[in-house]
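Encoded as C-alpha coordinates, the structure appears first; notes follow it.
The values are calculated or read from the model by the stated rules, or taken from the named source; none is laboratory data. Please read these numbers as outputs of a predicted model, since none were measured by experiment. Ideal geometry is used to build each Cβ from the backbone, glycine not excepted, and the neighbour counts take in all protein chains shown. These accessible areas exclude ligands, DNA and RNA; they are computed on the full protein's heavy atoms, side chains included. Shrake-Rupley method; radii C 1.70, N 1.55, O 1.52, S 1.80 Å.
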Amino acid sequence: MNKIFFAFYCVICLLIVEKEMAWSPDYKLQWSDFQGTPNNNSDAAATTASGITFGYRLSETDGNITDFTADVTAHFYPDKSWYKPEEVSNHILEHEQLHFDITELHARKLRQQISELSISNSVGSKLDALHLQILQDLSTMQNNYDNASDFSRNKEQQKLWKDSITEQLNALNSFIKAE
(Lines give C-alpha, C1' and ligand atoms only; values in the text may rest on other atoms or scores of the structure.)
Protein backbone atom coordinates (compact mmCIF):
# COMPACT_ATOMS: atom_id res chain seq x y z
CA MET A 1 0.00 0.00 0.00
CA ASN A 2 2.81 2.44 0.88
CA LYS A 3 4.53 1.82 -2.47
CA ILE A 4 1.31 2.56 -4.36
CA PHE A 5 0.73 5.76 -2.38
CA PHE A 6 4.32 6.87 -2.97
CA ALA A 7 4.10 6.17 -6.72
CA PHE A 8 0.75 8.01 -6.94
CA TYR A 9 2.22 10.94 -4.98
CA CYS A 10 5.22 11.13 -7.35
CA VAL A 11 2.95 11.16 -10.41
CA ILE A 12 0.85 13.97 -8.91
CA CYS A 13 4.00 15.96 -8.10
CA LEU A 14 5.24 15.59 -11.67
CA LEU A 15 1.92 16.84 -12.99
CA ILE A 16 1.92 20.04 -10.92
CA VAL A 17 5.55 21.02 -11.45
CA GLU A 18 5.75 24.07 -13.65
CA LYS A 19 7.86 24.13 -16.76
CA GLU A 20 10.70 26.58 -16.49
CA MET A 21 13.67 27.69 -18.54
CA ALA A 22 16.77 29.07 -16.88
CA TRP A 23 18.21 32.24 -18.39
CA SER A 24 21.22 31.60 -20.62
CA PRO A 25 23.53 34.02 -22.43
CA ASP A 26 23.38 31.63 -25.40
CA TYR A 27 19.61 31.52 -25.84
CA LYS A 28 17.07 34.15 -26.83
CA LEU A 29 13.35 33.60 -26.39
CA GLN A 30 11.29 32.49 -29.39
CA TRP A 31 7.54 32.82 -29.78
CA SER A 32 7.34 29.03 -29.51
CA ASP A 33 8.51 29.38 -25.88
CA PHE A 34 5.30 31.28 -25.04
CA GLN A 35 2.91 28.40 -24.45
CA GLY A 36 0.25 29.93 -22.21
CA THR A 37 -3.27 30.78 -23.32
CA PRO A 38 -3.52 34.40 -24.51
CA ASN A 39 -5.59 36.74 -22.38
CA ASN A 40 -8.05 38.16 -24.88
CA ASN A 41 -9.30 40.64 -22.26
CA SER A 42 -5.85 42.23 -22.14
CA ASP A 43 -4.58 45.02 -24.38
CA ALA A 44 -1.14 43.37 -24.24
CA ALA A 45 0.14 41.55 -27.30
CA ALA A 46 2.29 39.28 -25.13
CA THR A 47 3.25 38.59 -21.55
CA THR A 48 6.50 37.22 -20.18
CA ALA A 49 6.29 35.34 -16.90
CA SER A 50 9.71 35.24 -15.32
CA GLY A 51 11.06 35.16 -11.82
CA ILE A 52 13.92 34.36 -9.53
CA THR A 53 14.10 31.05 -7.73
CA PHE A 54 16.15 31.23 -4.57
CA GLY A 55 17.19 28.80 -1.92
CA TYR A 56 19.94 28.40 0.61
CA ARG A 57 21.41 25.85 2.98
CA LEU A 58 22.98 26.64 6.34
CA SER A 59 25.56 24.43 8.03
CA GLU A 60 25.58 24.48 11.79
CA THR A 61 27.90 23.16 14.48
CA ASP A 62 27.19 23.47 18.21
CA GLY A 63 24.38 25.97 17.57
CA ASN A 64 26.48 28.26 15.40
CA ILE A 65 26.25 28.78 11.64
CA THR A 66 29.56 27.63 10.16
CA ASP A 67 28.82 27.86 6.44
CA PHE A 68 26.10 28.54 3.90
CA THR A 69 25.41 28.00 0.22
CA ALA A 70 22.80 29.73 -1.89
CA ASP A 71 21.30 29.09 -5.30
CA VAL A 72 19.81 31.88 -7.42
CA THR A 73 18.34 31.31 -10.88
CA ALA A 74 16.39 33.53 -13.27
CA HIS A 75 13.60 31.51 -14.87
CA PHE A 76 11.11 31.96 -17.70
CA TYR A 77 7.79 30.14 -17.30
CA PRO A 78 6.48 29.01 -20.72
CA ASP A 79 3.05 27.91 -19.50
CA LYS A 80 2.36 31.32 -17.97
CA SER A 81 3.81 33.32 -20.86
CA TRP A 82 1.60 34.00 -23.85
CA TYR A 83 1.24 35.99 -27.05
CA LYS A 84 -1.39 36.90 -29.59
CA PRO A 85 0.03 35.75 -32.95
CA GLU A 86 -1.88 38.36 -34.94
CA GLU A 87 -0.44 41.23 -32.87
CA VAL A 88 3.23 40.40 -32.35
CA SER A 89 6.45 41.23 -34.15
CA ASN A 90 10.17 40.74 -33.69
CA HIS A 91 10.26 44.12 -31.95
CA ILE A 92 7.73 42.91 -29.36
CA LEU A 93 9.71 39.69 -28.91
CA GLU A 94 12.78 41.82 -28.15
CA HIS A 95 10.69 43.71 -25.58
CA GLU A 96 9.71 40.42 -23.93
CA GLN A 97 13.31 39.16 -24.00
CA LEU A 98 14.37 42.30 -22.15
CA HIS A 99 11.88 41.49 -19.38
CA PHE A 100 13.66 38.15 -18.98
CA ASP A 101 17.05 39.92 -19.13
CA ILE A 102 15.92 42.28 -16.35
CA THR A 103 15.09 39.21 -14.26
CA GLU A 104 18.61 37.86 -14.91
CA LEU A 105 20.10 41.24 -13.98
CA HIS A 106 18.43 41.04 -10.59
CA ALA A 107 19.52 37.43 -10.14
CA ARG A 108 23.12 38.58 -10.70
CA LYS A 109 22.66 41.47 -8.27
CA LEU A 110 21.40 39.01 -5.66
CA ARG A 111 24.36 36.67 -6.29
CA GLN A 112 26.71 39.64 -5.89
CA GLN A 113 25.09 40.69 -2.61
CA ILE A 114 25.22 37.11 -1.31
CA SER A 115 28.94 36.91 -2.18
CA GLU A 116 29.55 39.85 0.15
CA LEU A 117 27.89 38.25 3.19
CA SER A 118 29.92 36.99 6.11
CA ILE A 119 29.11 33.81 7.97
CA SER A 120 27.19 34.61 11.14
CA ASN A 121 24.24 33.29 13.09
CA SER A 122 22.08 35.93 11.39
CA VAL A 123 23.06 35.00 7.82
CA GLY A 124 19.72 33.24 7.21
CA SER A 125 17.71 36.36 8.03
CA LYS A 126 20.13 38.46 5.96
CA LEU A 127 19.64 36.13 2.98
CA ASP A 128 15.86 36.36 3.36
CA ALA A 129 16.02 40.17 3.53
CA LEU A 130 18.25 40.39 0.44
CA HIS A 131 15.86 38.14 -1.48
CA LEU A 132 12.83 40.19 -0.49
CA GLN A 133 14.53 43.46 -1.44
CA ILE A 134 15.71 42.16 -4.82
CA LEU A 135 12.17 40.98 -5.65
CA GLN A 136 10.84 44.45 -4.84
CA ASP A 137 13.56 46.07 -6.96
CA LEU A 138 12.84 43.64 -9.80
CA SER A 139 9.13 44.45 -9.77
CA THR A 140 9.83 48.18 -9.76
CA MET A 141 12.25 47.93 -12.68
CA GLN A 142 9.87 45.75 -14.73
CA ASN A 143 7.10 48.33 -14.23
CA ASN A 144 9.42 51.25 -14.98
CA TYR A 145 10.56 49.52 -18.17
CA ASP A 146 7.00 48.98 -19.40
CA ASN A 147 6.02 52.53 -18.53
CA ALA A 148 9.08 54.15 -20.13
CA SER A 149 8.87 52.06 -23.31
CA ASP A 150 5.06 52.30 -23.37
CA PHE A 151 4.96 48.50 -23.55
CA SER A 152 7.36 48.52 -26.55
CA ARG A 153 5.56 51.25 -28.53
CA ASN A 154 8.23 53.87 -27.72
CA LYS A 155 11.07 52.44 -29.79
CA GLU A 156 13.57 55.10 -28.70
CA GLN A 157 13.02 54.29 -25.01
CA GLN A 158 13.06 50.59 -25.82
CA LYS A 159 16.54 50.99 -27.35
CA LEU A 160 17.78 53.05 -24.39
CA TRP A 161 16.57 50.39 -21.96
CA LYS A 162 18.11 47.59 -24.02
CA ASP A 163 21.47 49.36 -24.07
CA SER A 164 21.31 50.09 -20.34
CA ILE A 165 20.35 46.54 -19.34
CA THR A 166 23.03 45.08 -21.62
CA GLU A 167 25.62 47.36 -20.01
CA GLN A 168 24.48 46.41 -16.50
CA LEU A 169 24.51 42.69 -17.34
CA ASN A 170 28.03 43.01 -18.74
CA ALA A 171 29.18 44.80 -15.58
CA LEU A 172 27.97 41.79 -13.56
CA ASN A 173 29.32 39.06 -15.89
CA SER A 174 31.29 37.56 -13.00
CA PHE A 175 27.94 36.71 -11.38
CA ILE A 176 26.53 34.60 -14.23
CA LYS A 177 25.35 31.32 -12.76
CA ALA A 178 27.79 28.51 -13.45
CA GLU A 179 26.15 25.70 -15.39
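Worth a mention:
- Among 108, 153, 57: highest mean-square fluctuation, GNM of the chain, C-alpha pairs under 10 Å: 57
- For the stretch 76-179, size of Cβ-based charge dipole, Lys and Arg +1, Asp and Glu -1, in debye: 260 debye
- Between the stretch 22-70 and the stretch 87-136, the alpha-carbon center distance in angstrom: 9 Å
- Solvent exposure of the stretch 45-103 amounts to 45 Å² per residue of accessible area, where only protein heavy atoms count and the probe is 1.4 Å.
- Across the stretch 51-64, computed HN-Hα scalar couplings (Karplus, 6.51 cos²θ - 1.76 cosθ + 1.60, θ = phi - 60°) run x, 10, 8, 9, x, 8, 10, 9, 9, 10, 9, 6, x, 10 Hz from first to last residue, x flagging Gly and Pro.
- Residue of 75, 106, 91 that the Gaussian network model of the chain assigns the largest fluctuation, springs spanning Cα pairs under 10 Å: 91
- Farthest toward positive dipole pole in the chain [+1 Lys/Arg, -1 Asp/Glu at C-beta], among 44, 171, 124: 124
- Placing a pseudo-label 7 Å from each Cα along the Cα-to-Cβ vector at residue 28 and residue 177 gives an inter-label distance of 2.2 nm.
- Surface share of carbon and sulfur [accessible, 1.4 angstrom probe, percent] for the chain: 53 percent
- Of 169, 127, 160, the residue with the greatest mean-square motion in the GNM of the chain, using alpha carbon springs below 10 Å, is 160.
- Tensor-based shape of the chain (alpha-carbon gyration tensor, a/c under 1.5 rounded, otherwise prolate or oblate): oblate
- Cα shape, the stretch 110-174, gyration tensor, a/c 1.5 rule: oblate
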